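For reference, the structure is listed below as structure tokens.
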Amino acid sequence: MRFALLSLALLAAPAAAQDDGPIVVTGYSELEQQIKSFVGALTPASPRGQIARFETAVCPGVFGMAEAPRAAVQDRIRAVAKGVGLDVASPDCTPNLVVMVTADKSAFLQALSTDHGYMFGDRTPTQIRKILAEPGPATAWQIQTMVNADGRAIAKDGDMPVNRTIRTESRITAAVRPTFLAAIVVIEAKVLEGLSTTQLADYAAMRALARIDPARIDAGAPATILRILDAAADSEVPVTLTQWDFGFLKGLHSSPGNLYAPSQRSAIARAMEQEAEKSDGGN
């Protein structure tokens with residue numbers, strides 16, 4: 001599916017940000033219970049459900065910023081996606097990971113739903129209104145589809161989905177799984193004051209590459225890039241993805257494709273533990 005983005009830039013307001021260098025991951029000591037809590041908060045899914053992710057090449061597109069910071073954010077998202085194991089599309093690709101910076105999030109979302117409703121996928125009007133009503137200076141959502149265990153799109157016979165596969169049915173792995181077609185992140189420009197392009201890109205990557213609600217994170221959880229937009233003005237915030245953030249994304253996108261949510265969470269937790277061990281020098 002191709003997502004046309006004509007006129008979106010006209011709705012977004014430019015935002016200033018500083019340029020930064022390559023990925024630097026901030027490390028934290030391993031605390032098993034904290035990892036379990038962190039993963040659980042960011043992966044709402046039933047025991048027989050699954051945690052969706054990107055399986056196609058990522059193509060970031062940034063709107064509402066001047067050319068230099070826009071390019072820096074896009075390049076950084078590409079680096080993060082590649083770092084966690086995703087394929088990255090060529091520079092002339094059609095964006096499927098869209099970051100939009102706007103002067104007024106509420107007004108922008110309302111205009112988007114009115115003039116570019118396809119950007120919400122097959123969501124119902126009620127579901128779209130829920131996105132529009134989300135509090136805070138940023139929101140994100142994904143457009144997804146279902147593929148079979150072989151990674152092929154589910155065909156339809158009329159209106160009936162048909163799973164054509166030669167795989168044997170299993171109680172351990174799923175016959176079908178959700179996958180992202182696209183992700184959209186909308187951020188108000190005023191909250192980016194003082195943040196670098198790396199911080200913006202890393203926050204957007206976390207929100208886009210996984211279906212995450214930052215409000216679910218426990219107040220006592222370790223530092224995460226997900227808190228940079230609502231942190232107090234005088235507080236310290238991560239300058240990049242933390243070890244927890246990077247491990248989370250890496251675990252999600254490197255685990256086997258047909259696992260159910262509990263097994264996916266275990267795979268994510270193991271990846272986070274491994275990243276924590278790296279930061280501790282293997283001790």
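The values are calculated or read from the model by the stated rules, or taken from the named source; none is laboratory data. Note that the coordinates shown come from a computational prediction; the quantities given were computed from them, not determined experimentally. FYI the Cβ positions are ideal-geometry reconstructions off the backbone, even for glycines, and counts take in every protein chain you see. We work out accessible area using only protein heavy atoms, side chains counted, and drop any ligands, DNA or RNA first. Shrake-Rupley method; radii C 1.70, N 1.55, O 1.52, S 1.80 Å.
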**Prompt:** Just going by the charge dipole of the stretch 216-262, with Lys and Arg at +1 and Asp and Glu at -1 on Cβ, which of 223, 238, 254 is farthest out on the positive end?
**Reply:** 254
**Message:** Give the lysines reachable from residue 130 as a straight Cα distance under 25 Å; neighbours fewer than 8 places away on the same chain don't count.
**Reply:** 105, 190
**Request:** Could you pull the accessible area for residue 65 with a 1.4 Å probe, rounded to 10 Å²?
**Result:** 20 Å²
**Prompt:** So which lysines pass the test for residue 250, namely a Cα distance under 20 Å, with those fewer than 8 places away in the same chain ruled out?
**Reply:** 36, 82, 278
**Request:** Whenever you get a sec, line up 260, 203, 118 from highest to lowest accessible area (probe 1.4 Å, protein heavy atoms).
**Result:** 118, 260, 203
**Complete:** Inverse of <1/r> over all distinct C-alpha pairs of the stretch 222-263, i.e. the Kirkwood Rh in Å, gives 12.1 Å
